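Written below as structure tokens is the structure these notes are about.
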Amino acid sequence: MSQIKNFTKGFIKDNPVFVLLLGMCPVLGVTTSAMNGLGMGLATTFVLVMSNLVVSLVKGFIPSKVRIPAFIVIIASFVTIVDLSMAAYLVDLHAQLGLFIPLIVVNCLVLGRAEAFASKNNAFSSIIDGLGMGLGFTFALTLLGGTREMLGSGKIFGFSLHAFPEGIDGMLVFVLAPGAFIALGYLIAIINKLSNKTA
Amino acid sequence: MEYFVIVISAIFVNNIILAQFLGVCPFLGVSTRVSTAAGMGGAVLFVMTIATIVTYLIQHYVLIPLEIEYLQTISYILIIASLVQMVEIMLKKLSPALYQALGVFLPLITTNCAILGVAILVIQKDFDLMQSVVFAVANSAGFALALVIFAGIREHLALINVPKGMAGIPIALVSAGILALAFMGFAGMV
């Protein structure tokens, strides 16, 4: 497989959120605005790339029986790095994302790529795979966050679009919990419809 | 009274799945039949309670005295992973019947973010041990409740004609959204 194909598969064909349905908790939990979605996506991308790199480098030394616990320790180390750096430099975003930063550890996407890709491929392809998958995840989170923010408050990245008439702030329900499920449901339906047409 | 508030708030007002989005993967994954949903709920109740007690003790008697709280994430996930393994081995020996019922769900639980989430929440909320146990039990009850209700809805969804693009996961997500809306009616109860 060429590296370009390896990189782009995460965006549409194997998009972790819309097609593979991996890592749904942060997808629904943090996407109240486009900015939160972008921040969460980039944090996950960092963990994904670094853990893919390390897993592909040490795959020869780890006995296959204990590989899953070993992968989890590697992932948890990078999650701790992200958690502490965000707490130091991005205080507001860290407070918004809260619990979901340490929960990157149990994001099935990260462990899934380590097991399915990085443990079988060389370091360079693993980095590309992590980057592609991570950016695909970021794209999905930002799209969902943007959709919810626009429907819920008429803004994107905090800028007002003046989409709603005076005196109406937007449909609050899309910023609250139920809106996450409904917005994601319709986004997946739209993507299903589009990909069926092209296929 | 204080425990009562914790229980009501964890089950209905801040339902772990529908309001906090922890454990959504099993919520979508094992909710196609009511019986499997109930089995998963039972397994989560079991593991979540034990895991919360153990991580609470580790936090207060190991991590804080040694001033290594930054190892929280790593140590918790290792504890939960080994705990699940141990529970599986012990159940197999001690209670084959229970193992039959819960066995297939146990390996899935390690990557259930609800377990790690509750373990961390308990520390963030500064609960004492008894409150933590009540919180864990109430949250797993809320998890099981949402899972079983949702599985009941999905059993009926399977019989309905849905537009092709909406079939499967999209319609399930929209139904979950409506269920979450219904649970929002409990807001303001505590």
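Among the candidates B:162, B:190, B:104, single out the residue that is within 18 Å of the chain's Cα centre (by Cα), more than 8 Å from chain A (Cβ to nearest Cβ), surrounded by fewer than 16 Cβ atoms within 10 Å (Cβ to Cβ) and modelled with pLDDT under 90.
On the way: B:162 fails: within 18 Å of the chain's Cα centre (by Cα); B:190 fails: within 18 Å of the chain's Cα centre (by Cα).
On inspection, the qualifying residue turns out to be B:104.
Please identify the pairs in which a residue from region A:181-194 that is under 16 Å from residue A:152 (Cβ atoms) and within 8 Å of chain B (Cβ to nearest Cβ) has its Cβ atom under 9 Å from the Cβ atom of a residue that is among the aliphatic types (A, V, I, L, M) and not in a helix (DSSP H, G or I), counting only partners at least 6 apart or on another chain.
That search, which allows pairs on different chains as well, returns A:181/B:18; A:184/A:17.
I'd like to know if region A:123-142 contains one or more residues that are at pLDDT below 80 and under 22 Å from residue A:40 (Cα atoms).
Restricting attention to region A:123-142, the residues satisfying the condition of being at pLDDT below 80 are none.
Within region A:123-142, none of the residues are at pLDDT below 80 and under 22 Å from residue A:40 (Cα atoms).
Restricting to region B:61-91, name every residue that is within 24 Å of residue A:66 (Cα to Cα) and loosely packed, with under 14 Cβ neighbours inside 10 Å. Give the steps one after another, and end with the answer.
Here is the first cut: in region B:61-91, the residues within 24 Å of residue A:66 (Cα to Cα) are B:71-91.
Correct list: B:82, B:86, B:89, B:90.
Looking for something touching a helix residue (DSSP H, G or I) at 6+ places or on another chain (Cβ under 9 Å), at positive phi and within 14 Å of chain A (Cβ to nearest Cβ) - is there at least one such residue anywhere in region B:67-84? Lay out the reasoning, then the answer.
Taking region B:67-84 first, the residues touching a helix residue (DSSP H, G or I) at 6+ places or on another chain (Cβ under 9 Å) are B:68-84.
Of the ones still in play, those that are also at positive phi are none.
Among the residues of region B:67-84, not one is touching a helix residue (DSSP H, G or I) at 6+ places or on another chain (Cβ under 9 Å), at positive phi and within 14 Å of chain A (Cβ to nearest Cβ), which makes the answer no.
Only residues that are within 12 Å of another protein chain (Cβ to nearest Cβ) and under 12 Å from the mean Cα position of the chain (by Cα): list them for region B:1-48, please.
Answer for region B:1-48, where residues must be within 12 Å of another protein chain (Cβ to nearest Cβ) and under 12 Å from the mean Cα position of the chain (by Cα): B:15, B:16, B:17, B:18, B:20, B:21, B:22, B:23, B:24, B:25, B:26, B:27.
Residues of region A:74-89 being surrounded by fewer than 16 Cβ atoms within 10 Å (Cβ to Cβ) and touching a helix residue (DSSP H, G or I) at 6+ places or on another chain (Cβ under 7 Å), which ones?
So in region A:74-89, the residues surrounded by fewer than 16 Cβ atoms within 10 Å (Cβ to Cβ) come out as A:81, A:84-85, A:87-89.
A:84, A:87, listed by residue number.
Among (1) in contact (Cβ under 8 Å) with a residue 24 or more places away in the chain; (2) within 13 Å of chain A (Cβ to nearest Cβ); (3) in contact with an Asp or Glu (Cβ under 9 Å, 6 or more places away or on another chain), which single condition is residue B:131 missing?
Answer for residue B:131: the failing condition is (2).
If I filter region A:105-127 for residues that are part of a helix (DSSP H, G or I), surrounded by fewer than 19 Cβ atoms within 10 Å (Cβ to Cβ), within 14 Å of chain B (Cβ to nearest Cβ) and in contact with a Ser or Thr (Cβ under 9 Å, 6 or more places away or on another chain), do I get at least one hit?
no
Quick one: which residue in A:55, A:47 is buried (at least 23 other Cβ atoms within 10 Å of the Cβ), within 19 Å of the chain's Cα centre (by Cα), in a helix (DSSP H, G or I) and β-branched (Val, Ile, Thr)?
On the way: A:55 fails: within 19 Å of the chain's Cα centre (by Cα).
One residue alone meets the criteria, A:47.
Is there a residue in region B:154-172 that is in a helix (DSSP H, G or I), out of contact with any Ser or Thr (no Cβ under 9 Å at 6 or more places or on another chain), within 20 Å of residue A:186 (Cα to Cα) and touching a residue at least 12 places away in the same chain (Cβ under 8 Å)?
Yes - at least one qualifying residue is present in region B:154-172.
Testing residue A:79 on (1) closer than 22 Å to residue B:109 by Cβ; (2) at pLDDT below 85, one condition comes back false. Which one is that?
Of (1) closer than 22 Å to residue B:109 by Cβ; (2) at pLDDT below 85, only one is false for residue A:79: (2).
Given (1) within 11 Å of chain A (Cβ to nearest Cβ); (2) buried (at least 20 other Cβ atoms within 10 Å of the Cβ), where does residue B:51 come up short, assuming only one miss?
All conditions pass for residue B:51, except number (1).
Of the residues in region A:53-88, how many are more than 13 Å from chain B (Cβ to nearest Cβ) and among the β-branched types (Val, Ile, Thr)?
Counting residues in region A:53-88 that are more than 13 Å from chain B (Cβ to nearest Cβ) and among the β-branched types (Val, Ile, Thr) gives 4.
Are any of the residues in region B:135-149 over 11 Å from the mean Cα position of the chain (by Cα), in contact (Cβ under 8 Å) with a residue 12 or more places away in the chain and either assigned to a loop (DSSP other than H, G, I, E, B) or within 11 Å of chain A (Cβ to nearest Cβ) (or both)?
First, the residues of region B:135-149 that are over 11 Å from the mean Cα position of the chain (by Cα): B:135, B:148-149.
Filter once more, keeping what is in contact (Cβ under 8 Å) with a residue 12 or more places away in the chain: B:135, B:148-149.
Subsequent filtering for residues that are either assigned to a loop (DSSP other than H, G, I, E, B) or within 11 Å of chain A (Cβ to nearest Cβ) (or both) retains none.
No, that holds for no residue.
If you scan region A:58-73, which residues turn out to be outside any helix (DSSP H, G or I) and surrounded by fewer than 19 Cβ atoms within 10 Å (Cβ to Cβ)? Please lay out each step first, then the result.
Narrowing region A:58-73 to residues outside any helix (DSSP H, G or I): A:59-63.
Those that are outside any helix (DSSP H, G or I) and surrounded by fewer than 19 Cβ atoms within 10 Å (Cβ to Cβ): A:60, A:61, A:62, A:63.
The values are calculated or read from the model by the stated rules, or taken from the named source; none is laboratory data. Here the structure is a predicted model, which means the values were calculated and not measured. With ideal geometry, Cβ positions are generated from the backbone for all residues, glycine too; neighbour counts draw on all protein chains shown.
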